[in-house]
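Below is one structure, written out as structure tokens; the observations come after it.
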Amino acid sequence: MYITNMSHFLDDEGKTPRNAPKEARELAGFLLLVIDSYTRKYSGDKQEIRCFTKNCRGVINVGRSILYDEIHWNCPECNVCGKISEWRGTAGENSGTPPIESAENVKNAFTWIHKLTEELEFPISVIPVGLIAPEESKSENWVITRITDYVEIYGLIVEIEDGKGIYQFPIAELSIKDEQSMNYKLVEEFLDFWFTMNDQ
Ligand SMILES: [Zn+2]
């Protein structure tokens, strides 16, 4: 995972220093494209970015952590991924588009975070599904203890405890055990919203 802070890549004028190594300049160029693409995400002028991995033809997914304001990106083909902090005010931030906060999807995401934080009752017993599912015996005691983040491309991120450790996973990778509970209903409603948003 590439964890990058844009202020480390750019000089006081917002440019990549000329004496920076070639790899750093190339990465900075890619990250500026990601920032540009994110700030256009909900405009009518979406910009696709091709993956930089050799021979990979993936198109990069771009979204933001609503709580921490970092831009996350990943390639669905080769799984290269990263997150970018201190991206505001860089040359990649597209000033020609409306502020991302005014996008309807972003406002709705905020509403969902507040609703789920207030209405979910923790701890919540869950079973891991999909890619993260380990053998059943290893996941008997999984509980969600709290919400830690909301990233547009991953959805709600929650903290899990299993008695041995603490982990973080997207809630879309978890299935709530008690299907009659209000928790189950709330999460289903949230996932409906989130999958619809991601299809746009
Ligand atoms: Zn790729």
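The values are calculated or read from the model by the stated rules, or taken from the named source; none is laboratory data. A quick note: this is a predicted structure, and the numbers were derived from the prediction, not measured. Counting neighbours? That spans all protein chains shown, and the Cβs are built from the backbone with ideal geometry, glycine included.
For Asn94, the stated conditions hold: it is touching a residue at least 40 places away in the same chain (Cβ under 8 Å) and either among the β-branched types (Val, Ile, Thr) or not in a helix (DSSP H, G or I) (or both). Checked against (1) away from the ligand (no atom under 16 Å from the Cβ); (2) touching a strand residue (DSSP E or B) at 6+ places or on another chain (Cβ under 7 Å); (3) at negative phi, Glu86 meets all criteria but (3). Could you say whether any residue in the range 10-21 is surrounded by 20 or more Cβ atoms within 10 Å (Cβ to Cβ) and not assigned by TED's automatic domain parsing to the domain that holds Phe110? Checked against the condition, which is being surrounded by 20 or more Cβ atoms within 10 Å (Cβ to Cβ) and not assigned by TED's automatic domain parsing to the domain that holds Phe110, the range 10-21 yields at least one hit. Among the residues of the range 34-82 satisfying the criterion of being more than 16 Å from the ligand (Cβ to nearest atom) and part of a strand (DSSP E or B), which is surrounded by the fewest Cβ atoms within 10 Å (Cβ to Cβ)? Step by step, filter the range 34-82, then rank; the result is Ser65. Sub-6 Å Cβ pairs linking a first residue in the range 50-63 that is touching a residue at least 12 places away in the same chain (Cβ under 8 Å) to a second residue that is among the charged types (D, E, K, R) and more than 8 Å from the ligand (Cβ to nearest atom), at least 6 apart or interchain, are Val59/Glu48; Gly63/Glu152, ordered by first then second residue. Restricting attention to the range 97-124, and to residues there that are over 18 Å from the mean Cα position of the chain (by Cα) and free of Cβ contacts under 8 Å to residues at least 12 places away in the same chain, which single residue is nearest to Met197 (Cα to Cα)? Selected residue: Ser102.
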